[in-house]
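Bear in mind these aren't lab numbers, they're just calculated from the coordinates by the rules spelled out. This is a predicted model, so every value here is computed, not measured. Every residue, glycine as well, gets a Cβ built from its backbone with ideal geometry; the counts of neighbours run over all protein chains shown.
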Amino acid sequence: MNKEELLEVMASKASITKKQAGEALDAVIDGITDSLKKGKAVALTGFGTFQTSKRAARDGRNPATGAKLKIPAMTVARFKAGKGLKDAVR
């Protein structure tokens, strides 16, 4: 499912226009992104939790050339599915 298909589902289930669904989805994504930028987790009960995690620097290898390279330390976004979501996809 892509964003356009998700907007159609949101609009039909909430009885709103696709434009309103798009604005709502953008607001949710912006809210999650802003919270993660601040290092705060976002927990949606029954769905899951978005949080950040530190990844240490490590050595890597270019798959095309085999040359060694350094991969810098970074902060990455993580998602852990909640019980409701896990049960729904079983």
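Assorted remarks:
- Counted as qualifying within region 9-77 are the strands (runs of 3 or more DSSP E) with 1 or more residues that are over 28 Å from D87 (Cα atoms), namely 48-55, 58-61, 68-71.
- Top-ranked residue of region 1-39 - restricted to ones that are without any contact (Cβ under 8 Å) to a residue 12 or more places away in the chain and among the hydroxyl-bearing types (S, T, Y), ranked as farthest from T75 (Cα to Cα): S15
- Residues located in region 17-75, provided they are farther than 18 Å from K3 by Cβ, surrounded by 11 or more Cβ atoms within 10 Å (Cβ to Cβ) and of a type in the set (S, T, Y): S35, T49, T52, T75
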